[in-house]
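Notes to accompany the following structure.
The values are calculated or read from the model by the stated rules, or taken from the named source; none is laboratory data. Computed from a predicted model, the values in this text were never measured in an experiment. Neighbour counts are summed over all protein chains in view; Cβ atoms, including those assigned to glycine, are modelled from backbone coordinates with ideal geometry. Heads up: the accessible areas ignore ligands, DNA and RNA and are worked out on the full protein's heavy atoms, side chains in. Shrake-Rupley method; radii C 1.70, N 1.55, O 1.52, S 1.80 Å.
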Amino acid sequence: MSALTAGDVLGGKWRIVRPAFGDEPGSEYRVEPLEGGGARRLTLWRTLRAPTSAELGRFEELVRAGERTRNPSFAPVETVGYDPALEALWMVRPWWNGESLPSMLGGLHPVGLDLPYLHSLADQLAQALTAAQAAGLAHGRLRPTRLLVAPGGSKGVRLCILDLGLEVFRRDHAPTWLRAPQVGAAYLAPELRETGPVPPSADVFSFGLIVRDMLATRRDGAWQGRWEHWVERATAAEAGRRFGCLTEAMRMLVPVLRALPDLPPPPPSNYEPMPPPPDAQ
């Protein structure tokens, strides 16, 4: 799949502005409509053949499943299509003014992610995935790079979950012609194989690893030994040994988070304390 460049037009409507962060080079772009308007996010998926009209219709139905849950963590889909020159399915969503979860976590001070933010992100993720599963759809290929984070909301941080419905479509309708992502295998549950249905237990496994990533940002050892048992259960190799659902996983996570010390960050290495005033000596 050749890369798009600034100024290229896709689908007769979307002008490429610049590349955006994605799992693979050339898979995500910031675009704008030719007739004017705000920025959007374009995502591409390479195929080995063109989809039929029925397959394209099913693709659109499944990737729009998130917005039908009315959960705010699932961005609405504006349009989908197939480009034969690029040999790729594509989808356009609203632009998200934030960053990926790995980018956010990578820039943190050793004190780690603020506990209220950690709690809020985990809760938003669990609620959104639970809403999707209630509608009959597990994500199946959840990984940190498909989570976008931005400031705002009642808890100070908002979450956007990308690609709900894509893995179910690939497995059920396109296992031979829609390429699986080449990244994120470590977040796949052991019970998942290359083909077959996506069980809800797979999302519990991925949820556990994503929460682990957030907990592990505390690199000064203050949280060590307080959360590992929760992660071990959430990510047990046997699905039957994990939490039964995301609601249970989140309910059991809350007391763990409450037990973590919320200490102030240590001073920087070049910090020099101010000397006491003369009258204090």
Note down the nm distance, to one decimal, between modelled labels 7 Å out along Cα→Cβ at Ala39 and at Arg233. 4.2
Ranked highest first by the average count of other Cβ atoms within 10 Å around their residues, in what order do 63-69, 216-222, 7-13 fall? 63-69, 216-222, 7-13
For helix 201-215, what angle does its Cα long axis make with the longest principal axis of the chain, in degrees from 0 to 90 and rounded to 10? 40
Given Cα pairs under 8 Å that are at least 6 residues apart, what percent is the relative contact order of the chain? 17
For q = 0.09, 0.17 Å⁻¹, Debye-computed log10 I/I(0) when each Cα of the chain counts as one equal scatterer: -0.48, -1.40
Please name whichever of Val17, Leu166, His109 sits farthest to the positive end of the charge dipole of the chain, dipole taken about the Cα centre and charges placed at Cβ: Lys and Arg +1, Asp and Glu -1. Leu166
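Measure off, as a whole percent, the carbon and sulfur share of the 1.4 Å-probe accessible area of the stretch 123-197, all protein chains present.
Numbers: 1610 of 2930 Å².
In the stretch 123-197, the share of accessible area belonging to carbon and sulfur is 55 percent.
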Distance-filtered residues of the stretch 147-187 - backbone nitrogen under 14 Å, label point 7 angstrom along Arg49 Cα→Cβ: 173-179
Where in the stretch 113-141 does the amide nitrogen come within less than 18 Å of the point 7 Å from the Cα of Asp262, taken along Cα to Cβ? 113-124
Would you mind getting me the FRET efficiency between Arg179 and His109? Use the beta-carbon distance for r and R0 = 41 Å, nearest 0.05. 0.60
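List the equivalent ellipsoid semi-axes of the stretch 59-218 in whole Å, largest first, each obtained as the square root of 5λ for an eigenvalue λ of the Cα gyration tensor. If you can, show how the numbers build up before the last one.
Details: eigenvalues 138, 63, 47 Å².
The equivalent ellipsoid of the stretch 59-218 has semi-axes of 26, 18, 15 Å.
Could you please state how large a percent of the accessible area of the stretch 1-59 is carbon and sulfur, counting protein chains only and using a 1.4 Å probe? Spell out each step's value before the answer.
Working: 1570 of 2970 Å².
Carbon plus sulfur share of accessible area: 53 percent.
Given a 1.4 angstrom probe, what's the average accessible area per residue across the chain, in square angstrom?
Details: 13580 Å² over 281 residues.
Solvent-accessible surface per residue comes out at 48 Å².
Largest first, how would Cys245, Cys160 line up by accessible area (1.4 Å probe)?
Numbers: Cys245 55, Cys160 5 Å².
Ranked list, largest accessible area first: Cys245, Cys160.
Return the calculated 222 nm mean residue ellipticity for the chain, to the nearest 500 deg cm²/dmol, obtained by summing -39500 (n - 2.57) across DSSP H runs with n ≥ 4 and dividing by the residue count.
Calculated at 222 nm, the ellipticity per residue is -9000 deg cm²/dmol.
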